[in-house]
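K.L.:
Have a look at the structure that comes next, please.
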Amino acid sequence: MKTKPSPRPTFRSLPLLIGLFAFLAAVFAALLATGSPPGGGHGDANSSNRTGVSRSRVGARTFMKVTPQGVAQIHDHRESREQSAAASALEPIGNTLWMVDDLNAIADGVAIDANDVWGAWTLQGARLGAYPIGGNGTPDFEFSSFGEGNSGVASAKGADRMAYMESNAAGNDFRIHGFKSTSDGTPDWSFSFPETDPNLPASSKRLAVSRDGSTIAAVVSDEPATQTSKLYVFEGDTGAIRSTWTDPLRMDAVDLTDDGSIALVTQDNLAALVDTSNGNTLFSVAGSGAGNIFYRISGDGNVFVTNGFDLDVYKFDGSTYQRVIHFTQANNWFGGASIVSRDGSTVGSFAGNYANNWLTGEVFLFDVASAQMIGSYPVSGTGQYQGTPVGAESNDNGTVMAFASWGTEFHDWPEVMVFNRNVDLIGAIDFPGSAFGVDVSVNGQYVVGAPKQSTLTNSAAADASS
């Protein structure tokens with residue numbers, strides 16, 4: 001089994017930002033006007049050809065800067081999209097709604113539903129925060145974790161249900177809690193995992209909530225004691241264990257269909273589709289690498305994505321899953337930031353070039369029905385820090401897709417980039433520190449990013465299908 005070259009844990013640390021961790025919500029202005037698709041044709045999804053992106057439209061833009069003191073500055077102006085893409089991409093586009101500074105914790109995970117931004121804070125002051133989207137940054141409630149350690153958060157997109165996962169700094173004392181927006185800081189239910197999980201602590205990637213809120217899934221590990229990993233499936237409202245599945249191969253991440261009937265488990269280089277009613281494996285297929293790798297599935301379960309050294313898309317043909325897209329680029333890793341839209345129409349991936357110290361990369365979007373590439377958006381930078389892609393999310397129909405990365409030393413591209421289905425950059429957040437998480441609301445109006453040493457952000461991209 002091939003293993004991805006691991007990125008060095010070097011994070012940007014601006015001198016004036018040392019010790020400053022903020023939680024920021026910002027709403028981006030709608031940017032899009034009607035126009036033609038990108039020029040250059042779609043091209044074969046198996047081809048390495050790039051597709052050009054038109055930037056001829058003119059739109060109203062609002063840029064937000066975060067100063068070294070964490071103060072938001074707002075600038076409004078209009079510009080042609082033919083002007084410097086690099087200059088416009090370096091600054092967040094949007095109106096800052098609120099910001100919360102924390103001197104001890106890092107906003108390491110984030111989830112957004114119809115009403116709230118849910119933030120998972122780590123290190124000292126580890127906790128869950130429930131922040132109303134339209135509020136002023138004051139949480140409706142907070143839930144204190146072990147006080148330090150790791151945490152993860154996931155929420156239902158179509159129901160009032162979320163889950164919070166936590167483990168302490170040593171990697172044991174592992175727990176999961178169910179909340180609603182009305183829980184007022186008291187979990188509706190809690191469960192303590194018997195696994196010690198020293199190598200795979202709590203993380204938003206290892207937690208999923210179905211769209212209807214009926215199902216919560218989590219993966220944990222008991223390495224090195226038994227060299228096994230375990231999938232837990234809980235009833236969303238009660239926390240009762242519906243099923244479990246144990247396997248020797250490490251489980252890195254989990255995703256769920258809308259009704260929670262199927263869990264897609266990322267097992268290093270293996271994708272396993274599991275029936276959550278009984279823990280039986282429905283389908284499995286090998287991926288193309290391991291480490292920093294997360295597979296994703298559509299709402300109805302008909303399309304799922306594996307990644308690694310290759311990007312592969314599988315589609316259900318009525319009896320089984322067939323691979324419909326296979327895409328690869330020399331020295332590129334697709335594992336950290338790939339996504340399929342809820343309706344299964346669109347797949348996106350932010351590939352990073354590990355041979356160039358993660359200083360170049362490219363966002364690719366694909367149309368699943370035609371198995372063709374829609375277009376791409378390359379980025380490149382310099383410096384000693386690595387712009388490793390770390391996450392991606394989509395709205396329901398694939399017209400708004402957001403990609404997060406650690407970013408480079410000189411901010412050569414934004415830590416969060418937001419695209420429409422024409423691969424036009426319609427939103428951007430340039431954090432002073434590295435991004436660690438991202439989420440998108442169902443209609444694409446809000447995009448939330450969670451960074452280190454600065455912020456956690458939220459975006460509006462209405463009419464993004466234009």
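The values are calculated or read from the model by the stated rules, or taken from the named source; none is laboratory data. Everything numeric here is computed off the predicted structure, so don't read it as measured data. Please note: Cβ atoms are built from the backbone with ideal geometry, for glycine as well, and neighbour counts cover all protein chains shown. These accessible areas exclude ligands, DNA and RNA; they are computed on the full protein's heavy atoms, side chains included. Shrake-Rupley method; radii C 1.70, N 1.55, O 1.52, S 1.80 Å.
K.L.:
Residues that are surrounded by 19 or more Cβ atoms within 10 Å (Cβ to Cβ) and modelled with pLDDT of 80 or more: does segment 99-106 have at least one?
P.N.:
Checked against the condition, which is being surrounded by 19 or more Cβ atoms within 10 Å (Cβ to Cβ) and modelled with pLDDT of 80 or more, segment 99-106 yields at least one hit.
K.L.:
Sticking with this one: Val379 versus (1) open to solvent by less than 10 Å² (accessible area, probe 1.4 Å); (2) farther than 23 Å from Ala286 by Cα; (3) among the β-branched types (Val, Ile, Thr): which is the lone unmet condition?
P.N.:
Here Val379 meets the rest and fails (1).
Let's see how each residue does on (1) surrounded by 20 or more Cβ atoms within 10 Å (Cβ to Cβ); (2) more than 20 Å from Lys205 (Cβ to Cβ):
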site	(1), (2)
Val219	yes, no
Ala225	no, yes
Leu249	no, no
Asp255	yes, no
Ala272	yes, no
Thr276	yes, no
Gly279	no, yes
Gly291	no, no
Asn302	no, yes
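K.L.:
Taking the stated definitions as given, is Trp413 at pLDDT 90 or above, in a loop (DSSP other than H, G, I, E, B) and touching a Ser or Thr at 6+ places or on another chain (Cβ under 6 Å)?
P.N.:
no
K.L.:
Let me ask you something else. Could you tell me which of the residues Gly158, Gly135 is of a type in the set (Gly, Ala, Ser) and closer than 23 Å to Val219 by Cα?
P.N.:
Just a single option satisfies the conditions, and that option is Gly158.
K.L.:
Report yes if some residue within segment 199-212 is surrounded by 18 or more Cβ atoms within 10 Å (Cβ to Cβ) and at positive phi; otherwise report no.
P.N.:
no
K.L.:
Looking at Asp197, Asp258, which is the one that is among the charged types (D, E, K, R), over 19 Å from Phe304 (Cβ atoms), part of a loop (DSSP other than H, G, I, E, B) and in contact with a Ser or Thr (Cβ under 7 Å, 6 or more places away or on another chain)?
P.N.:
Selected residue: Asp197, the only one of Asp197, Asp258 that is among the charged types (D, E, K, R), over 19 Å from Phe304 (Cβ atoms), part of a loop (DSSP other than H, G, I, E, B) and in contact with a Ser or Thr (Cβ under 7 Å, 6 or more places away or on another chain).
K.L.:
OK, next. Inspect segment 236-243 for any residue being under 19 Å from Ala271 (Cβ atoms) and at pLDDT 95 or above and give the result as yes or no.
P.N.:
Scanning segment 236-243, I find at least one residue that is under 19 Å from Ala271 (Cβ atoms) and at pLDDT 95 or above, so the answer is yes.
K.L.:
Can you tell me which of Ala369, Ala462 is in a loop (DSSP other than H, G, I, E, B) and either surrounded by 24 or more Cβ atoms within 10 Å (Cβ to Cβ) or modelled with pLDDT under 95 (or both)?
P.N.:
Unique residue meeting the criteria: Ala462.
K.L.:
Scan segment 369-391 for residues that are touching a strand residue (DSSP E or B) at 6+ places or on another chain (Cβ under 6 Å), among the hydrophobic types (A, V, I, L, M, F, W, C) and more than 20 Å from Ile426 (Cβ to Cβ) and jot them down.
P.N.:
Ala371, Val390
K.L.:
Moving on to the next point. Search segment 363-383 for residues that are more than 22 Å from His411 (Cβ to Cβ) and acidic (Asp, Glu) and pair each with any residue that is surrounded by 15 or more Cβ atoms within 10 Å (Cβ to Cβ) and modelled with pLDDT of 95 or more when their beta-carbon atoms are under 6 Å apart and the residues are at least 6 apart or on different chains.
P.N.:
Taking only residues 6 or more apart or on different chains, the pairs are Asp367/Ile374.
K.L.:
Which residue, of Tyr321, Tyr314, Tyr295, Tyr354, is open to solvent by 50 Å² or more (accessible area, probe 1.4 Å) and in contact with a strand residue (DSSP E or B) (Cβ under 7 Å, 6 or more places away or on another chain)? Give the derivation first.
P.N.:
Numbers: Tyr321 fails: open to solvent by 50 Å² or more (accessible area, probe 1.4 Å); Tyr314 fails: open to solvent by 50 Å² or more (accessible area, probe 1.4 Å); Tyr295 fails: open to solvent by 50 Å² or more (accessible area, probe 1.4 Å).
Within the list Tyr321, Tyr314, Tyr295, Tyr354, the selection yields Tyr354.
K.L.:
Name, by its number, the condition in (1) open to solvent by 10 Å² or more (accessible area, probe 1.4 Å); (2) outside any loop (DSSP other than H, G, I, E, B) that does not hold for Val363.
P.N.:
For Val363, the failing item is (1).
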